[in-house]
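The values are calculated or read from the model by the stated rules, or taken from the named source; none is laboratory data. Because the structure is predicted, anything quoted here is derived from the model rather than measured. For neighbour counting, all protein chains shown are included, and Cβ atoms are generated from backbone atoms with ideal geometry for every residue, glycine included.
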Protein chains: 2
Amino acid sequence: MKVSQTFLPTLREVPADAVIVSHRLMMRAAMLRKLANGLFAYLPIGLRSLRKVERIVREEMDAIGSLEIKPTVVVPGEIWKESGRWDTMGDGMLRVKNRLGGDFVVSPTAEEAFTALVRDELSSYRQLPLTLYQINTKYRDEIRPRYGVMRGREFTMKDAYSYHTDEASLDETYQAMGRAYRRIFKRCGLTVIPVRADTGAMGGTGSEEFMVESEIGDNTLILCRSCDYAANVEKAGCKPDFAAPADLAAADIAAAAVPARAKVSTPSVRTIDELCAFLKTDSKKFIKTLVYKAVNVELDLSAAPGCAKLNRRAAAPDAPKSYPEAFFAVAIRGDLDVNETKLAAVLKASEVALASDVDVERLTGAPVGFAGPVGLTLLPVVADETVTAMSDAVTGGLEKDIHFEHVAYGRDFAPWLVADVRVVKAGDRCSVCGGELYEKKGNELGHIFKLGYKYTKSMNVSFLDEQGKAQVPTMGCYGIGVDRTLASIIEERHDDDGIVWPMSVAPFQVSIVPIKYEGAMKEAADKLAAELEAQGIEVLLDDRTERPGVKFKDADLIGIPLRVVVGDKNLPKVEVKARGEKEPRLVEAAAAAAELAAAVRKELAVLNA
Amino acid sequence: MKVSQTFLPTLREVPADAVIVSHRLMMRAAMLRKLANGLFAYLPIGLRSLRKVERIVREEMDAIGSLEIKPTVVVPGEIWKESGRWDTMGDGMLRVKNRLGGDFVVSPTAEEAFTALVRDELSSYRQLPLTLYQINTKYRDEIRPRYGVMRGREFTMKDAYSYHTDEASLDETYQAMGRAYRRIFKRCGLTVIPVRADTGAMGGTGSEEFMVESEIGDNTLILCRSCDYAANVEKAGCKPDFAAPADLAAADIAAAAVPARAKVSTPSVRTIDELCAFLKTDSKKFIKTLVYKAVNVELDLSAAPGCAKLNRRAAAPDAPKSYPEAFFAVAIRGDLDVNETKLAAVLKASEVALASDVDVERLTGAPVGFAGPVGLTLLPVVADETVTAMSDAVTGGLEKDIHFEHVAYGRDFAPWLVADVRVVKAGDRCSVCGGELYEKKGNELGHIFKLGYKYTKSMNVSFLDEQGKAQVPTMGCYGIGVDRTLASIIEERHDDDGIVWPMSVAPFQVSIVPIKYEGAMKEAADKLAAELEAQGIEVLLDDRTERPGVKFKDADLIGIPLRVVVGDKNLPKVEVKARGEKEPRLVEAAAAAAELAAAVRKELAVLNA
């Protein structure tokens, strides 16, 4: 294709609102234009690359037997009401009333639509497993869309959903998806960090996020310097940095030499830092106690302190029973923070948040700052694992301006539950190999997730098993943000001059730049383009009357992997240069097509290997 | 692909709400499922065919230099306000307020989005002509969606928009689009009726609709039995069936022998039929006079009767001036009806509708039923051409229960304007060749249209011409309904057993049905499938354990063009049958792949010729 025949309004200036590299380069290289905040139009050259990412995703989905379908983008609100997410999705979901007053949703995701379709067709175990996917338009009503298509409102997502007779079948598809995702990102020339969460903490039984490192990432990753451990900070664990007694009896023995618990007056002292200064000790000697309110708690609290009167109920006949609201005291070593995601998982709660000051006073009998695990009767105590190793600690005294010294775990209090709820930080030790952990910001490009029965139960999906008995299928979901993947390739692969595309996603594979598009240069350029196109190579021929410098700058900006310069001086040779290389090589024009085509095929073969 | 590996829940029963053949067959053949009224999900086999139609459209657009882009589906309401269509699009346009209170539209069409994009990039005449297109999701909030994807709410449309320095350039692209559309429908195996409207009546200067015949069509077409004249009834003309005098003077001469106009009392007579009976004459002798209210009339009315006080104004500085509202008396031969589309075009009005009874009484001085052109002072008279030939007519008398006899055009009244505003009917004569016209119902699959300056002016698009002077580009738009095209192929190509796909759109090209998928039959079927797939032929192999009859029925229902039956009895031969044929032929299994592949290529070559 000739530049004069496409639409390539490249920019020298960087739009003011483009603060990250991919956004800047996508605007400058004429891949994108903004229609409104968070709404971007792909121009021809951008769409070529987007479609290539889509094609890679499609090929890998098809290769594992996932079947493409196309539900609508606008879907009935009814199915969101069935799943319960009509109420829980919040304002990020774009809701529409149509002219007849019906509720509709501009799809942000499609668990409901796929499950509704499968429900109507599923009758026998013979139809399972079934994995369906779409590559389609999604909409999330971001309050502050930014970073171009990295966090836009409308975007293209590949979302797949699988249905299974049992856990083993789900796991098989889940593993195949994981492999397909690794291939997809490899073929896109991307370095991803697969982040596993094997704890089962999220209610499902497995989940893996595919992250790319990014300064503006939404996520904090915890990585090990010595092995390939990688986790989202929300779920990361670490090697214990304490020596805990085996049980409460062992704790008692450890506490034998510790003086008896004693009250200490701590007037006007509220924070851990103030306490450290006041008592001339270290934050690791404190047991910090925080009161949390948890919502929709599925854990059985019938034997928990202060919970006898709580009422456990189910929202629907088939839904799990839960307590609409419950309070907990969380005790943790003073130098650490509570990871609320882990805490919610431990409690099987849909949400946890610090309790209000009023609730804290009511439940601990003291103002905020003096909670402690000793003598608490109105609250179940959840102790972080670190607390079990503390035999001579300072805690709040459940009284204004009072703390306890010489508190020993086991001797002075017993928690209702012990769990790992700490926030893991850089410098903590890897739970796998003991290496040093460090942090990175990351953006999620893909996510595979064992959903279990959440949607199939709430939406009443069933099939008949081999014995003719009705069963509920288990389910997985698997998403990839297509635009975000494209932008992330640019984030990873660029230099000061522009984009450095991998061959697989480049809008064109070879750029031909005649110094002037006339005479022998025109002839040679046209001939080379025709020869390459005859071999299926995608060529962009710059036939404009611009100065050579302008054409070179545009070719670098657009980032086409191979560039051929056709100049009078060198003919019958031409200059060939890969985008990443500094210096061109002279090649006989007559041999250039064969050499370039081979180079294209070779890089594709490496990426697709 | 094996049937067991796809998702093909074919139906024996026809869903109750599926009343047309394509809807019934798309549901039965597992191409589609309903998510809600007017919202359909394509299942794998349906999506395969939909994508093939898309690909044909894309190839033909690319071939004429149209460039694909991808704006968003959800677009800002602002640009619709700029064009003025925010107010005129009505309730069929789905409007959304987002969480921040912004107005958005789920695109029903994209003149605004494309024009906004082009406006920001266009500077020089050198960038023109420019034709951009998308194949993307559209939404129209149909009150009564029906007929499956033929009239759904969400659908896929190819819409292209072109921008030009001048009319000649627009015409060149318009003609190229017309040729591309003919090729697209031919490649889809469809018989379309191209319907031209060369009258320039719609404000643009050219338009062509691509119709398919359909019992449930939205449009009435007027066709000629003797030539290829075809027009939408809204715009159709016919050969005059009257002999009109050359001018008013000639009309006077024609009226010389006619008795003087006379009042006749017609108590309780209101309809033309009643009048015919009462006066013992024929409806062709009457001049029917109807009062119309017209909205946004651009025609200059400064010299028109009764219009002196009307105020002509422009909605925006650059918008054309118009009268917000004006009334007209339309006179037409009594056996004919007024074509309101033609009338609106003649008046350059955005809309016309019969006036209310109150307005009729106020403007004619008589109740409804007694309007006539003689003595009317408060209204401009628009006379249909037929009226100019009437020298001895009956008209309303502008008084209750009074008509006039012996009214002569020219002698007794002179119209303000003469125009063709009649509804053309079956039996009228062709304006091109004089042949007999007949009617058909049709559905519009595509439309190409010279828009002119409507959007480029209202949205302030400009470029600098060769002299450096700012100019407004002229514009064309070109749409194809992709789903509707797919459904129309089924409407045209089916039999009692199911769909009869053209090779170009068939979800698979060859179906292989082993009588039993075991032993030698399995081996032969697998081998044939592998041989065909190696040649790029798309194969569906029915590996199910169903009875042969069930498999045959499904193959016919799905409509795969070529079927191979592999049975023990015939091996080493197999039965080959085209979907349209009655009897299979026996072919050596070893030679079948070559023969089938050749047949596939041959049919594709014919379709693509």
Filtering region A:136-150 down to residues that are farther than 21 Å from A:C477 by Cα and surrounded by fewer than 23 Cβ atoms within 10 Å (Cβ to Cβ), which residue is farthest from the other protein chains (Cβ to nearest Cβ)?
A:Y147
Residue under evaluation B:D359, criteria (1) buried (at least 24 other Cβ atoms within 10 Å of the Cβ); (2) part of a helix (DSSP H, G or I), criterion not met
(1)
From the options A:A231, A:A314, A:A244, residue that is modelled with pLDDT under 90 and closer than 30 Å to A:M211 by Cβ
A:A231
For region B:414-446, which positions are more than 14 Å from B:A231 (Cβ to Cβ) and either crowded, with 21+ Cβ neighbours inside 10 Å or in contact with a helix residue (DSSP H, G or I) (Cβ under 9 Å, 6 or more places away or on another chain) (or both)?
B:A414, B:P415, B:L417, B:V418, B:A419, B:V421, B:N443, B:L445, B:G446
Index of the failed condition, B:K34 passing every other in (1) part of a strand (DSSP E or B); (2) more than 8 Å from chain A (Cβ to nearest Cβ); (3) under 30 Å from B:K457 (Cβ atoms):
(3)
Where a residue in region B:560-576 is in the same structural domain as B:I512 (by TED's automatic domain parsing) and outside any loop (DSSP other than H, G, I, E, B) and its partner, wherever it lies, is among the hydroxyl-bearing types (S, T, Y) and buried (at least 24 other Cβ atoms within 10 Å of the Cβ), with Cβ under 7 Å and at least six apart:
B:R563/B:S511
Within region B:586-606, is even one residue of a type outside the set (F, W, Y) and part of a loop (DSSP other than H, G, I, E, B)?
no
Going through region B:157-191 one residue at a time, which ones are among the polar types (S, T, N, Q) and surrounded by fewer than 23 Cβ atoms within 10 Å (Cβ to Cβ)?
B:T165, B:S169, B:Q175, B:T191
Given (1) in contact with a helix residue (DSSP H, G or I) (Cβ under 8 Å, 6 or more places away or on another chain); (2) surrounded by fewer than 24 Cβ atoms within 10 Å (Cβ to Cβ); (3) within 9 Å of chain A (Cβ to nearest Cβ), identify the lone condition not met by B:A113.
(2)
Check whether at least one residue in region A:370-387 is at pLDDT below 95, closer than 30 Å to A:S83 by Cβ, surrounded by fewer than 16 Cβ atoms within 10 Å (Cβ to Cβ) and polar (S, T, N, Q), and report yes or no.
no
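Going through region B:76-106 one residue at a time, which ones are farther than 17 Å from B:M459 by Cβ and acidic (D, E)?
B:D91
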Out of B:E60, B:E68, report the one residue that is at the interface with chain A (Cβ under 9 Å from one of its Cβ atoms), at pLDDT 95 or above and either surrounded by fewer than 17 Cβ atoms within 10 Å (Cβ to Cβ) or over 20 Å from B:P561 (Cβ atoms) (or both).
B:E68
Assuming B:L290 fulfils every condition listed in (1) within 19 Å of B:H403 (Cα to Cα); (2) more than 30 Å from the chain's Cα centre (by Cα) apart from one, which condition is it?
(2)
Residue check for A:R24: under 30 Å from A:L557 (Cα atoms), surrounded by 17 or more Cβ atoms within 10 Å (Cβ to Cβ), outside the structural domain of A:R144 (by TED's automatic domain parsing) and basic (K, R):
yes
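Within region A:506-517, identify whether any single residue is in a loop (DSSP other than H, G, I, E, B), of a type in the set (K, R) and surrounded by fewer than 21 Cβ atoms within 10 Å (Cβ to Cβ), and answer yes or no.
yes
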Report yes if some residue within region A:471-489 is surrounded by fewer than 23 Cβ atoms within 10 Å (Cβ to Cβ), over 25 Å from the mean Cα position of the chain (by Cα) and closer than 23 Å to A:Y161 by Cα; otherwise report no.
yes
For region A:73-87, check the following and say yes or no: at least one residue is at the interface with chain B (Cβ under 9 Å from one of its Cβ atoms) and of a type outside the set (A, V, I, L, M, F, W, C).
yes
Which listed residue, of A:F242, A:F210, is touching a helix residue (DSSP H, G or I) at 6+ places or on another chain (Cβ under 6 Å), under 24 Å from A:R333 (Cα atoms) and of a type in the set (A, V, I, L, M, F, W, C)
A:F242
